[in-house]
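Visitor: Please read through the structure below; I'll follow up with questions.
Every number here is computed from the coordinates shown, using simple stated rules; none is lab data. For clarity, every value in this text was computed on a predicted model and none was experimentally measured. We place every Cβ from the backbone using ideal geometry, glycine too, and count neighbours over all the protein chains shown.
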Amino acid sequence: MGDIFDAFSDETVTESEKARPRKKRGSRSTAIVILVIAILAGITAAILPNVRDWITNGPASEIFSNSPEDYPEGQEGEPVQVTIPDGSTGSDMAAILVEADVVASTGAFIDAFNADSGAGSIQPGTYELPTQIPAQRAISLLKDHDAQRVDVNITIPEGFTRTQVHERIANLLDVDIADVAAASENAEAIGLPPEAEGNVEGWYKPGTYMISPDTPVHEVLAEMVSARKSELDSLGIPEGERQEVLIKASILEREVNLPQYYAQVARVIENRLVDTESVNGRLQMDSTVLYGVGKSGGIPTAEDLANDNPYNTYRHGGLPPTPIGAAGKPAIEAVLNPADGDWLFFVTVDLHSGETLFAATLEEHNENKARLDSWLEQNPDYGRSDAPEVGGDEEGEG
């Protein structure tokens, strides 16, 4: 068999092929394989420690272990302040607490959060918590928000003037009111828009603000101004009209006891501004007179009405130069949508119930004023210095 195969091979191979040297087949392929193996070995040697660390100590540790890492009971580190934003999920809280080293891992916190039926009661805010505590203890402390929260709630009611806002901030944050006033004058730092012309009056949006106690004053004011701008934008008010709208709305806020009358008083303002016969463009609003003399309520005295300042709308026609307080959204919406009517006058005739009457003529208005005078006689506890404002008087009060 071998002889036959050899004979066949000799017959099929040419003389030239017999003379050509034989190549060692597979030597090049072997070299390539060896090179690839060497490269892979080098890469593995370089990255294997990092991979091992990632699996053992890094984010993947919770995936490759039976239970997530958690700090043991009976130990804790120095306290830190952490802020839980509004709308935070359990995962969001976990990431915040891990970053602050309050809990050891996100997995431990999420497991504790899911296992605790009361975890959903955790409220947004700034909390002071120990570091390096078990996840379940962190949940318990966050649920006890009254004991652990350190943030300050600053509530700004509708109608507050800038001075009242500054006083409240100073009291709650324990800072000098002069520092608050100074911060309010830095229009750029607090984001005050150009149309306000550097005056923050009316640009603090009423509402409750959750503030960390170490928040700089200018950031507190900036948040209130930003909230106001967002509100005006949501109502579609062009920038060039925002100041005028706030001026009118602030008058409504200080003049009217009941929001049900906002739209009617808004119409009175519009009618007076264009009237050339009865009031000659004068608003004659008690609220603006009182603001001009530094009062926040009551009925103007004869001396108040005689004080010649830009806010005395009995003496000066048109709108006052700035808002006179912080208007709420209903008042702003009433300015944008005033009621239909020919009224030029209004007066609140019952300072307890807030009942307000409107009139198109001075004669009718004087009859309504007589009802107020009668009410004041029957209610002497409402003195002329502490009574709420009574608006739209042609002849004034005093």
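Visitor: State whether segment 255-378 is rounded, prolate or oblate according to the following rule on the C-alpha gyration tensor (a ≥ b ≥ c being the square roots of its eigenvalues): a/c under 1.5 gives rounded; otherwise a/b larger than b/c gives prolate, and the remaining case gives oblate.
Guide: rounded
Visitor: Order of 233-240, 258-265 by packing, highest average Cβ count within 10 Å first?
Guide: Values: 233-240: 11.4, 258-265: 19.0.
Order by mean packing, descending: 258-265, 233-240.
Visitor: Between Gly328 and residues 5 or more places away or on another chain, which pairs have amide H atoms under 5 Å apart, with H built 1.01 Å from N, and which residues are they?
Guide: Gly159
Visitor: Taking the Cβ of each residue in Glu185, Glu303, Glu201 as the centre, tally the other Cβ atoms inside 10 Å and list the residues starting with the fewest.
Guide: Glu303, Glu185, Glu201
Visitor: Short version: ³J(HN,Hα) in whole Hz for each residue of segment 231-236, in order, from phi by Karplus 6.51 cos²θ - 1.76 cosθ + 1.60 (θ = phi - 60°), x for Gly and Pro, what are they?
Guide: 4, 5, 5, 5, 8, x
Visitor: What ³J(HN,Hα) values, in whole Hz, does the Karplus curve 6.51 cos²θ - 1.76 cosθ + 1.60 give for segment 87-96 when θ = phi - 60°, with x put for Gly and Pro?
Guide: Couplings: x, 5, 8, x, 5, 4, 4, 4, 4, 5 Hz.
Visitor: Turning to a different aspect of this structure: Counting Lys and Arg as +1 and Asp and Glu as -1, each charge on the Cβ, what is the dipole of segment 255-378 about the Cα centre in debye, to the nearest 20?
Guide: Roughly 420 debye, rounded to the nearest 20.
Visitor: If you don't mind, there's one more thing I want to ask. Going by how many other beta carbons lie within 10 Å of each one, how would you line up Lys248, Lys329, Lys205, fewest first?
Guide: On the way: Lys248 26, Lys329 16, Lys205 22.
By the 10 Å Cβ count, ascending: Lys329, Lys205, Lys248.
Visitor: With a/c under 1.5 counting as rounded, go ahead and sort segment 79-148 into rounded, prolate or oblate using the C-alpha gyration tensor (a ≥ b ≥ c being the square roots of the eigenvalues; past the cut-off, prolate if a/b is larger than b/c, else oblate).
Guide: Since a/c stays below 1.5, the shape of segment 79-148 is classed as rounded.
Visitor: Skipping prolines and chain starts, which residues have an amide H placed within reach, meaning under 5 Å, of the one on Gly125, given they are 5 or more residues away or on another chain?
Guide: Those qualifying (amide H under 5 Å, at least 5 residues apart or on another chain) are Ile84.
Visitor: Another question, then. Find out how many positive minus negative residues lie around Ile177, taking Lys and Arg as positive, Asp and Glu as negative, among other residues whose Cβ is under 15 Å from that of Ile177.
Guide: -3
Visitor: May I ask which of Lys248/Lys295; Lys229/Lys295; Lys143/Lys229; Lys329/Lys369 have a Cα-Cα span longer than 23 Å here?
Guide: Over 23 Å apart, Cα to Cα: Lys229/Lys295; Lys143/Lys229; Lys329/Lys369.
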